[in-house]
Structures are given as structure tokens and as C-alpha cells.
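Nothing in this text is a laboratory measurement; each read-out follows from the coordinates by a stated rule. Quick caveat: nothing in here was measured; it's all calculated off a predicted structure. Note: ideal-geometry Cβ built from the backbone for every residue, glycine included; neighbour counts use all protein chains shown.
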Amino acid sequence: MITLEHAYVATGLMFAAFSILSLRDPLNPTRFRSALFWGLIAVSMLFGSWLGGLGNGLLVIALVIIGAAGRLGVGRPATTTPEQRQAGADRWRNALFVPALMVPLVAVGGTLAAKHTAAGAWLISPVQTTLVALGLGCLIALAAAMAWFRPPVMAPAQEGRRLMDSIGWAALLPQMLASLGAVFLAADVGQVVGDLVTRVLPMSSAFLAVAAYCLGMALFTVVMGNAFAAFPVMTAAIGLPIVVHRFGGDPAIVCAIGMLAGFCGTLMTPMAANFNVVPANLLELPDRNAPLNGVIRAQMPTALVMLAANILLMNALAFRF
Amino acid sequence: MLVLLGIAVVVAGFVARINPLVVILVAAVVTGVLAAVGPGVDARALTAAAIDTIRRFGEAFNDNRYFHITWLVLPVIGLLERAGLQERARDLVMQVRAATAGRLMLVYLVVRQATAALGLTSLGGHPQMVRPLIAPMAEGAAETEHGALPDRARFRIRSMAAATDNVGLFFGEDIFIAIGSIVLIVGFLEQAGVRVEALHVSLWAIPTAIVAFLVHGARLMLFDRAVRRDMAKIEAEELGR
């Protein structure tokens, strides 16, 4: 049976390859730091379960220091030229989309098969099935792309490293925020915020609780510029204890729509620099340095309507399914 | 109440633009230590609380390794890019012969949202698509319709092109199971003792995605009218002068 552990091993080997290739890339300005960063993630993926809590904590501290010590450089592995790529686009046309589509197809198909067929249940573990099936989908798509386009053997690791380098330390952000959420849960931060909010706003009905959660997600995201950072706090404060536990909302629906309410906040804040400020600069807007530049003003009506829509959708769906 | 300082650290850190990894780790330690503060607690107990927090953070970090499985898709995407994926996407957009700026951006909204829902978030984006392609094509369509554009109309079109990319991405990507926010939700709930399947979470992003398409799509349908109004206003000002 394929389990989460197998997926972790595959991922760990990939990061180990990124680490070794970074170390041997003289064109990467921070080759040693990059190699160490990806190498430590490989260690976490391959051996994390044997390190214990404190060992993993020290690993995190090391990753944070390496990641925060300055920008991680972007390696420059040998790749195709723009002309070769255009030739490839003309030659293979829409076939180029096929391996990319195989990934979600295998992930969704594998999840459904594991839930509903004996063969699927035998093949794929019932714990975190979707992610295990996703890993499987990536490997199958990779094999298909290798057979189809016949690139050099090391091309997947090299091209993957190019993309990974451009993501950089941000690759750790969701995992770090989820861990911060665990510390907040242990310290009852959510309950304290929840008590504060409940004192100001009476959560007398499910609708009020839903509205408070969605508005809280959006406002907190405006302040932080990142819905990922708002999510653990607001969900521990209102989403889980009040909307889910007190009023019986479905946790998957509440969290999915709560996150999208946070995205409405992202559309309205200059704190979300890469989405709202970078394009204003790229497009040379005259008001690009204003807090509410042209991009944010163009997004504002959609964001406000969508925030209201999310409140209504959560209220309509979360208590029904 | 003291534990709220942990949130204050997060907010202050993000506002001060300190590297978020540092901000998060410091906020965790501050929260864990302050949760232990009480009458009769000495420095040694607080140090123990700090170490305990790092241990708890490490455990949670290990439990949340799921997220990195999603990076297995990068070698596939990289290989396809190497073979010309982005060029092919560009060619497809170029083939669209939409007569007006609003309609062209509507087509882009469809493409952006649909590809993001399939996990192809890197096919769009401001540096890759909006600046080199979508904004100039939308401006070109408006110029064909109205002649030379005044600045007000030009910047309105550019802003809307960037906004359309963001809206399509934000309300499309959550349908894909392997995107960061979905994995964060699954990991957070697991820490809280609630087990949900990633596929289940991503399915419930679909209703919002449909509404977002209708709302922003309607705005784009009305967008050409706004550009026409800008043009009329400029003409009226010139007549008045």
C-alpha cells in the first residue's frame, strides 16, 4: 500500500537532489546557503519522525536563520533557449498541457478510487489519501513527460530546482503558520480572542458568528497582507469554537470559505505587495505609491461583493451538509 | 490576556517587513512563554516554557510536512516549461480576437481561473502575462475602438488587467487540492483534532469560485462602458476649453 511515508520519501529525495545540485552550481550566488536550506528540508522529510520534538524545533530554528539571513539565490541550470521553447510550443502544441492535467486527474481519481473501490483501497492509504494520490500523480506525469519530450535525464531535478529557488524561503510559510497555529491552540489564544470578540459582539445566532468570522478573516488579512497568517488566529478564535463547535457547522466548508473571505482582504490591502503593488509598478501606474493604488481600487468592488457572498454562502452551506 | 502579545508580534513584524519566518518563530516563543507567566513563576520556569514551546513547534512542524508533497509537481511543470508550455499558453491567448478591452479581459479571467483550478498557477501572473500581454492587448483593443487613449482610460485598463489576474488566481487556485491554503487548512484542523480530507475542502471552494466569476465577469462586461465614459468626459473637457 502506498502511504504518506512513501510520499515523504519521494519528496525528501527530490529536495536532496535540489541540495546537491545547488552545491555544484557556481552560478548560484548563495550556493552553500541554498544547499543547506534544501538539504535540511530533505532531512525533515526523510528522517523527521525520528528527530523528536526538540530535534525538529532545532531544525526549524536552523531553517529560519538560513532563510532570513538574506535572499536565497536563484540557481541557473542549463535550460532551453526562448527560440527552442517557441519551437517546442509549435511542435507539441496542446500536448504540452496533457502531463500537467494528469496530475489533478490522478489525484482526484486516486482519492475517489481509494474511497469507493477495493483495488483503490488496497493501493492507496486511507490517511490523507488526496495528498498521497497527488504525489503519485506527479510521478506518473513526470514519467509521461520524460517519455514524450525526451529531455536529458537530470532535467526534472534541474528544472524543479530553478522553480524551487524562485519560491525560496516562502516555501516554508504555510507549514510555519500551521505550527504557529498549534502553539496558539496550546496557549488558548483563540479562546482569549474569541472571548474578546464575544464580549463586543453577541454571537447569539449562527449567522452573526459566520459574519464575525468572515469579516474578521478579511480585516486581519488587510492588516497582515496575508490570509495564511490570519487563518490560524481567526479560526481558533471564532471559526472552530463558535461556528463549528457551538453551531455545528461543517469544518471543511467553514474553513474553505473562511480562507476565501480572507482572500477578499488580500485584494484590498497594499500590505499584499506582490499582488497589489508589484503590478502597479510593472504597469507604471501614476498612483503606484498611493496606499490605494489603481489596482486596489479596481479590485475593491469585486472584493466587497465577494466578502458579502462568502458570508451568505457559508451561512447557506455550512449547516446543511 | 498576555498571550495576545503573540498576535501583536505577528502584526508588528509583518508591518515592519521583517522576514515572516523570523516573525512567526518569535511570535510562537513569546506566546508560549507568556502563557506560562503567573504568580510565583521564576526565570527558570520561563526558560523551560520557551524550550517546551520550541519542542511543541517542532512537533507541529513535523506533523505538517504534508505541504512539501505539493512541490513534487515542480519538476513536471519545469519540464513542460522547458518544452515550451508558457509559449503555447501565450499563443492561445493571442489567438483570441476579442473586439473590446472588457471582452478580452473576460476571456483572460476564464483562462486564468480555469488553469489555476487545475494547479497551473504559474501560467498567469503580472510579470509573465499581464505586463507583456494582457494589458497591451486590452489597450490595443480600446485604441482600435476609440483611437488614441487619454491617460485616465489607459491606466484604468491597466489596473483592471492586473485586478483580473488576481481575481482569477485567488478564486480559482483553491479548487486545486494541492495549493498552500488547502494544505494549511488540513494541517491546522488536524492540530485541532478535526480530520478532513483535502479533496473535501477544495470542493467547497467551487461555489465561491462561481460567484466570483459572475461578479467580476459582469464588471468586465460593463467595463467598456466605463472606458467610453472616460473618452466622452475628455471630449467634453476639450470642447469646453
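A few points about this structure:
- Only Lys, Arg, Asp and Glu carry charge here, each on its Cβ (+1 for the first two, -1 for the last two); on that basis the stretch B:69-240 has a dipole of about 140 debye about its Cα centre.
- Virtual spin-label span in nm between residue B:210 and residue B:145, 7 Å along Cα→Cβ: 2.9
- Average silhouette area of the stretch B:1-59, convex hull of alpha-carbon atoms, in square nanometres: 4.1
- Descending by average beta-carbon neighbour count within 10 Å, the peptides B:108-114, B:228-234 line up as B:108-114, B:228-234, the highest first.
- Residue A:5-residue A:69 FRET efficiency (beta carbon distance; Förster radius 41 Å; 0.05 resolution): 0.80
- Net length gained if the chain between residue B:47 and residue B:235 were fully extended (0.36 nm per residue, minus Cα distance): 60.5 nm
- Per residue, the convex hull spanned by the Cα atoms of chain A measures out at 187 cubic angstrom.
- Put the Cα centre of the stretch A:48-118 next to the Cα centre of the stretch A:129-190 and the gap is 4 Å.
- Taking amide H atoms as placed 1.01 Å from N in the peptide plane, the amide H of residue A:124 lies under 5 Å from those of A:2, each 5 or more residues away in sequence or on another chain.
- Gap separating the Cα centres of the stretch B:43-73 and the stretch A:262-284, nearest whole Å: 31
- Alpha carbon centroid spacing (whole Å) that separates the stretch B:125-202 from the stretch A:234-258: 26
- Proximal charge balance of residue B:123 [Cβ under 12 Å; K/R count +1, D/E count -1]: -1
- Considering only A:205, A:179, A:166, the mean-square fluctuation computed in a Gaussian network model of chain A, springs between alpha carbons under 10 angstrom, is largest for A:205.
- Computed magnitude of the charge dipole of the protein assembly as shown (debye, nearest 20; Cβ of K, R +1, Cβ of D, E -1): 560
- Assigned charges on the beta-carbon of Lys, Arg, Asp, Glu; the stretch B:73-167 dipole about Cα centre (debye): 100
- In order along the stretch B:70-84, the Karplus-derived 3J(HN,Hα) couplings, from 6.51 cos²θ - 1.76 cosθ + 1.60 at θ = phi - 60°, round to 5, 6, 4, 6, 4, x, 5, 4, x, 4, 5, 5, 4, 8, x Hz, and Gly and Pro are given as x.
- Degrees separating the helix A:173-186 axis from the principal Cα axis of chain A, which is the longest one: 40
- For the stretch B:48-90, the residues whose amide N sits under 18 Å from a probe point set 7 Å from the Cα of residue A:127 along the beta carbon direction are B:59-70.
- log10 of Debye I(q)/I(0), alpha-carbon scatterers only, for the protein assembly as shown at 0.11, 0.12 Å⁻¹: -1.05, -1.24
- Label-zone membership for the stretch A:220-236, site residue B:4, 7 angstrom Cα→C-beta point, backbone N under 20 Å: A:220-225, A:229-236
- Residue order for A:204, A:22, fewest other beta carbons within 10 angstrom first, comes to A:204, A:22.
- Most positive-pole-ward Cα, A:230, A:281, A:302, against dipole of chain A from beta carbon charges: A:281
- Per-residue Cβ neighbour rank within 10 angstrom, fewest leading, A:103, A:222: A:222, A:103
- Zone of residue A:199's modelled label, taken as backbone nitrogen in the stretch A:216-241 under 17 Å from a point 7 Å along Cα→Cβ: A:237-238
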